[in-house]
Structures are given as structure tokens and as C-alpha cells.
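Engineer: Quick one: the structure is below, and I'll ask about it shortly.
Derivation of every value follows stated rules applied to the coordinates shown; laboratory data play no part. Treat the numbers as computed from the prediction; the structure is a model and nothing was measured. Neighbour counts are summed over all protein chains in view; Cβ atoms, including those assigned to glycine, are modelled from backbone coordinates with ideal geometry.
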Amino acid sequence: PWVVIPDTVTDAEIQQYGQFLEQQQSLYHFPEIMIELGNENWNGLFRGAGIVSAASYGLVAERDFTLLQEAASNDPTVKMVGGGQYGNPNQVQQVAENIPSAPYIAAAPYFWGCQDTGQSTSTYLTEMFNDGWSNPANEMIPIAEGLKPGQTAVTYEENLTTTGGSATTAERMPIQAGYASGGALEQQILRVMNSGFRMQNVFAFEQLQINGQDGVYGYTGQCDANPPSGTNVPLWGLVHDLNASSNLIRPTGLAVELANLAIAGDFYPVNTSMYPNVTGAAFLTSGKWSALFSNGTGSSQTIVVTFPSSGIVPATMRQLSYTSGPTDMNESSPLVTIGTGSVTSLGNNQVSVTLPAWGAVALTP
């Protein structure tokens, strides 16, 4: 569990909550319990109950965390999280310095903030997979490298954030809620992982839509045009709804499911430089290899993966699959599913797999 407690919490509430955590831990034996003070303290939108100054935030967080741990009998599984602003690595590092007891420092690598009207499907999909501003290599690596010894970078939220730009609701729906959004999110998950971040949380579990917004998310010239009045954006729910008769899972939710199929044990980077816009990572657990890949191009790509000489190589492939095309959605019926693919053994711990266009693939033993 990752729990946010409010900045306005009282000492009595901290005492009560620490005791509650200790009781729950005796029942469930979680490997870790993540505790974060306040939601996006850096964000002026929450100024009424937030602490914008990194130094002041650090002082309050250190004090409250100390009280909480004491109330939880100093349980070592209770881990403190300090949160910072993704687009401002220096601010995140200030948070890390001011909350030295926090082993985790969190940021939110959202991507593709702007979709403008009148462009082709291919252009939209290319933009979604190639958003230069939010490439984690530009923001996340400086954050991970700038932390204090003993601190690890994690993400408290991430997903598409395409509320800006002049695109209409009809233009946004098949892109932001379509099949390819799953592949784009998988790409971001992999890029963040390859940037040195240990764990990631995708936002959010369930949500139908929000209203489009004007250019408040514009960076480096993006989103100069505002969405038309009444624009709705199918963000951010991984699950479309919680109706027992449908229980529709969006492509982004299926991408998270694929990621969790593959991620286990120890992480290993994968060199995919010979395949355009392919991103990947491999994992070794109990002598068995698994892997996760995304393909950010409009054509399928057959790749060869060479695993180390020790360990059992993957033999099973799961992938995002559409019914008609890359703009298929799961808004009213499950047109996007997790399907199967083929893993061809080439010997010498090599396998060959074909990555679908704009797709995501998990390889498992």
C-alpha cells in the first residue's frame, strides 16, 4: 500500500494512524508500507492544504514521519516518501535533501500534454509515442542521479496527460482511449524503469473522463490553442467503470497487466538501439527470464532477443491485440484484449518475436 496522509494531520491523528498501521501489518505482513505527506505539495493548485516550499515541507515531513514511526513501534517496513515536481529536477533534489529519512523520492512522469485538431491518425500516434518534452531521459535521469545516498526514485503517478490542445472529443477518444494508448503507456513505463526508478504507480484506477483544459499544461510552445468548449477527455481511468456487468478495462489498464506479468525479480536493461522506437527491459527470477517490450512505430517489427547464457529463456508471449485497428477502444465493448503471440527459439539463448505496430508485448517462461 501507498498511503497519502494530509499536511493538516494532527499529532493525535498521527499517533492513531501509526498504531493502526502496526495492527494492519500484523495481519497482512506487507513487504513495505509507503507513507507520503500531502498530495503534490509543490503544486499551487493545492495551496490551501499544501506546503509549497521544499524546505518547509521537509521540516514538517521529518517531524510527522518521526512521530508516525514511533507510533508504529519503529516498524522498519514503514517507509517514508517525499514527493517533488517531475518537470523540475532541482526541486525534487531539494525535497530529497530536506527529507533525509525518506528512502523514496517520488515524481510524476506524465506525457503528451497536447493534441491539436485536424491531424491524421498516424500523426497523432507518432506524437503520442514521441513526446520530446516528457521523455524520461530528459527529466527522470537527472532526478535519479541527484538523490542522496540511500534514496531511490519512484513515481507516485504517471500516464497520458493530454488535456491541452485544440482537438475535439471525437478526435481525442480513439487516440487517448484507443489500443495504441496502451503501447504508449508501456513505453513510458519502460523508459522510466530504464531511467533508474524502482517502482511506478499509474494514475488512476477508475475514471470516465474529465473536461478538456486550456493551455495551462503548455511547455516549450505546446498547447497554445484551447480545447473547444465542452471537450471531454477519456483520462485517466485504467478501468472504464466498475459496473459488474461490463467491467471494461481500457488499453492502458491492459498495458499495466502486461507489465505485471513480466516484471519480477531482478531488472536488466536491454539494448534495443538496432530497432527503431523499440523499448525493452528483462527480468530474472528463480533462474527464469521474462521481458517487456513496446513498439512505437506504425509497422510490426521482428526482433531477436539474446539472453545471458544462464537461465531459462521465455517461451510464452502475451500482447495487446485489437479487433479492427489501432483506434479500437474498450469504451463500450472489449475490442482491445490481451492476446497471444509466438516465441521462436533460435538456440544459444536467443528468441525471435514480432512486436505489433504501436504495441506492447510481455515474454514469460
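Engineer: So in the chain, what percent of DSSP beta bridges are antiparallel if you round to the nearest 5?
Structural biologist: Rounded to the nearest five, the antiparallel share is 65 percent.
Engineer: Starting from the Cα-Cα distance between Thr340 and Asn201, subtract it from 0.36 nm times their residue separation and give me the gain in nm to one decimal. Can you show the working numbers first?
Structural biologist: Values: separation 139, 0.36 × 139 = 50.04 nm, distance 2.57 nm.
Additional length available on full extension: 47.5 nm.
Engineer: Hey, another quick one. Projecting each Cα onto the charge dipole of region 33-139 (Lys/Arg +1, Asp/Glu -1 at the beta carbon, about the Cα centre), which of Leu125, Leu59, Thr77 comes out farthest on the positive side?
Structural biologist: Leu59
Engineer: Another question, if that's okay. When a footprinting reagent is the concern and you count Cβ atoms within 10 Å, what order do Arg250, Arg191 take, fewest first?
Structural biologist: Numbers: Arg250 28, Arg191 21.
Starting with the residue having the fewest Cβ neighbours, the order is Arg191, Arg250.
Engineer: Shifting gears a bit: Can you give the helix-only mean residue ellipticity at 222 nm for the chain, where every DSSP H stretch with n ≥ 4 adds -39500 (n - 2.57) and the sum goes over all residues, rounded to the nearest 500 deg cm²/dmol? Before the final figure, lay out the partial values.
Structural biologist: Details: 8 runs with 101 residues, N = 365.
The helix-only estimate for the chain comes to -8500 deg cm²/dmol at 222 nm.
Engineer: Where in the chain are the DSSP H helices whose alpha-carbon span along the long axis reaches 15 Å or more and whose Kyte-Doolittle mean is at least -1.0? Intermediate results must be reported in sequence, preceding the final value.
Structural biologist: Values: long enough: 11-28 (25 Å, -1.03); 54-71 (25 Å, 0.22); 179-194 (24 Å, 0.02); 251-262 (17 Å, 0.94).
Helices meeting the span and hydropathy rule in the chain are 54-71, 179-194, 251-262.
Engineer: How many nm separate the modelled label positions at Ser26 and Asn90, each set 7 Å beyond the Cα in the direction of the Cβ?
Structural biologist: About 4.9 nm, to one decimal.
Engineer: Given a cut-off of under 8 Å on Cα pairs at least six residues apart, what relative contact order in percent is computed for the chain? It would help to have the intermediate numbers written out before the result.
Structural biologist: Numbers: 854 pairs, mean separation 47.5, N = 365.
So the answer I get is 13 percent.
Engineer: Got a sec? How would Lys79, Lys148, Lys288 order by Cβ neighbour count within 10 Å, fewest to most? Numbers along the way, then the final one.
Structural biologist: Working: Lys79 21, Lys148 13, Lys288 16.
Starting with the residue having the fewest Cβ neighbours, the order is Lys148, Lys288, Lys79.
Engineer: Also, I was wondering about something else. Would you pull out the residues with amide H under 5 Å of Leu355's amide H, same chain only if 5 or more places away, H placed 1.01 Å from N?
Structural biologist: Distant-sequence amide H within range of Leu355: Gln301, Thr302, Ile303.
Engineer: Taking the Cα-to-Cβ direction at Thr123 and at Ile210 and moving 7 Å from each Cα, how far apart do the two end points lie in nm?
Structural biologist: Taking the simple label geometry, Thr123 and Ile210 are separated by 2.6 nm.
Engineer: Given H placed 1.01 Å from N in the peptide plane, which residues other than close sequence neighbours of Val239 have an amide H under 5 Å from its amide H?
Structural biologist: When sequence neighbours closer than 5 places are left aside, the close amide H contacts are Glu206, Gln207, Arg250.
Engineer: I would also like to ask the following. Compute the distance from the alpha-carbon center of region 63-135 to that of region 294-353, in whole Å.
Structural biologist: About 29 Å separates the Cα centre of region 63-135 from the one of region 294-353.
Engineer: Once R0 is set to 30 Å, what does the formula 1/(1 + (r/R0)^6) return for the Cβ-Cβ distance between Asn43 and Ala264, expressed as a FRET efficiency to the nearest 0.05?
Structural biologist: Details: r = 34 Å, r/R0 = 1.13.
Computed FRET efficiency for Asn43 and Ala264 comes out at 0.35.
Engineer: Something else: Alpha carbon centre of region 148-203 versus region 250-286: separation in Å?
Structural biologist: First find each Cα centre; the distance between them is then 14 Å.
Engineer: Between Asn232 and Leu67, take the C-beta separation as r, use R0 = 25 Å, and let me know the FRET efficiency to the nearest 0.05.
Structural biologist: Computed FRET efficiency for Asn232 and Leu67: 0.05.
Engineer: Mind giving me the FRET efficiency for Val52 and Ser286? R0 is 56 Å, r the Cβ-Cβ distance, nearest 0.05 is fine. Each step should come with its number before you reach the end.
Structural biologist: Values: r = 46 Å, r/R0 = 0.82.
The computed FRET efficiency comes out at 0.75.
Engineer: Test of understanding: extend the Cα→C-beta vector of Thr316 to 7 Å, then name every residue of region 346-364 with backbone N under 14 Å from that spot.
Structural biologist: Answer for this model: 362-364.
Engineer: Using 7 Å Cα-to-Cβ label points, what is the Thr323/Thr10 separation (nm, one decimal)?
Structural biologist: 5.4
Engineer: Report the extension gain between Ser332 and Asn130 in nm, rounded to one decimal, defined as 0.36 nm multiplied by the number of residues separating them, less their alpha carbon distance. Numbers along the way, then the final one.
Structural biologist: On the way: separation 202, 0.36 × 202 = 72.72 nm, distance 2.84 nm.
69.9 nm is the gain from fully extending Ser332 to Asn130.
Engineer: Okay, moving on. Using the 10 angstrom Cβ neighbour count as an exposure proxy, how do Ser134, Ser321 rank, fewest first? Each step should come with its number before you reach the end.
Structural biologist: Details: Ser134 21, Ser321 17.
Sorted ascending by nearby Cβ count, the order is Ser321, Ser134.
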